[in-house]
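For reference, the structure is listed below as structure tokens.
What follows draws every value from the coordinates through simple rules; no lab data is involved. Given the structure is predicted, the values throughout are model-derived calculations rather than measurements. Note that we place each Cβ from the backbone using ideal geometry, even for glycine, and neighbour counts take in every protein chain shown.
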Amino acid sequence: MTTACRNLKKVTHVLFDMDGVLLDTETLYTQATQNILDNYGKKFSWEVKMQLMGLHGHEMAKKLVEIYELPLSPSEYYSLALKQYSALMPSCELMPGARHLVTHLKTHKIPIAVATSSSRESYDLKTKDHKEFFCMFDHIVTGASDPEVKQGKPSPDIFLVCASRFPDSPCSEKCLVFEDAPNGVLAAVRAGMQVIMVPDENIPPEHTKEAHVVIKNLEEAPIEYFGLPPLKKL
Ligand SMILES: O=c1[nH]cc([C@@H]2O[C@H](COP(=O)(O)O)[C@@H](O)[C@H]2O)c(=O)[nH]1
Ligand SMILES: [Mg+2]
């Protein structure tokens, strides 16, 4: 675990990114994208993937077509991607430690919510086998389908909207965010929130610097640093 030398402050509410934090979908996104790029002899790299993580679907398609100079319009690319997602995403699993952490917060009556860049359709596809798990959250914001969320991460919109939807609309200082993507961490920091980052091991350390704490997996989330009841070791 790495902790930046900053004053960590007590929080009252916890916001979760979904893909790569709660759901093990990032390997599936990689597979889906590579399946399409195979037709053009291109290799999906982590350098490019890091730029796409947390974008809304249409933003992602535009960027990917540009970077790889594909002979497709962004909407043509996006249709191909949606076909891949329909085949791959329904089999996704929870990330290690996700159930333990979320159940713990729920048991201690800490308000919790999800702030995902996915559309509502994509959320439904990925969570269809995990309904009981997602019922534990107070609310879910699906950024790409939400008219209040104007721009994807790294814009702070989604976290500000998500916090505002708790009945007591906590100020940003009282919110802790769990994120796996550099764009997501930036969005949370720009929203004025503290962040625990759970990066994939392929993300180089220079892209994790903005996070307040960096951990390898949710089982080791040091939530007591933020005044929350400590997780019991399994
Ligand atoms: O390899 C990829 N990872 C992630 C995304 C995008 O990032 C979103 C997930 O972001 P978040 O973790 O903020 O929910 C997905 O819905 C998708 O739009 C993508 O396009 N390609
Ligand atoms: Mg994510």
| Which order results if THR103, THR127 are arranged by neighbouring Cβ count within 10 Å, fewest first? | THR103, THR127
| Inter-probe distance in nm under a simple model that places probes 7 Å from Cα toward Cβ, at SER169 and LYS106 | 2.8
| What is the diffusion coefficient of region 98-192 in µm²/s, taking the Kirkwood radius over Cα pairs and the Stokes-Einstein relation at 37 °C with a viscosity of 0.692 mPa s? | 239
| task | Could you work out how far apart the two model spin labels at SER145 and GLU93 are, taking each label as a point 7 Å from the Cα in the direction of the beta carbon, and quote it in nm? | result | 2.7
| note | Percent relative contact order for the chain, counting Cα pairs under 8 Å at least six residues apart, stands at 29
| said: Out of the trypsin sites (Lys or Arg not before Pro) in region 18-108, which ones are loop residues according to DSSP with at most 13 other C-beta atoms within 10 Å? | reply: LYS43
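With r defined as the distance between the Cβ atoms of LYS10 and LYS232 and R0 fixed at 25 Å, what FRET efficiency is calculated, to the nearest 0.05?
Values: r = 20 Å, r/R0 = 0.80.
The formula returns an efficiency of 0.80 here.
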| message | Run the helix sum for the chain: -39,500 (n - 2.57) per DSSP H stretch of 4+ residues, divided by residue count, reported at 222 nm to the nearest 500 deg cm²/dmol. | response | -10500 deg cm²/dmol
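How big is the Kirkwood radius of region 1-76, worked out from every pair of different alpha carbons and given in Å to one decimal?
Working: mean 1/r = 0.0674 Å⁻¹.
One over the average 1/r among Cα pairs gives 14.8 Å for region 1-76.
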| Which semi-axis lengths, in whole Å and largest first, follow from the square roots of five times the eigenvalues of the Cα gyration tensor of region 42-98? | 22, 15, 10
| Per-residue Cβ neighbour rank within 10 angstrom, fewest leading, CYS135, CYS92, CYS162 | CYS135, CYS92, CYS162
| request: Give the distance, in whole Å, between the Cα centre of region 12-41 and the Cα centre of region 48-82. | output: 13
| task | Find how much the distance from ASN39 to SER86 grows on full extension, using 0.36 nm per residue of separation minus their present alpha carbon separation; answer in nm with one decimal. | result | 15.0 nm
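Kirkwood hydrodynamic radius of the chain from all distinct Cα pairs, in Å? Mind showing how you got there, number by number?
Numbers: mean 1/r = 0.0558 Å⁻¹.
About 17.9 Å, per the Kirkwood formula over Cα pairs.
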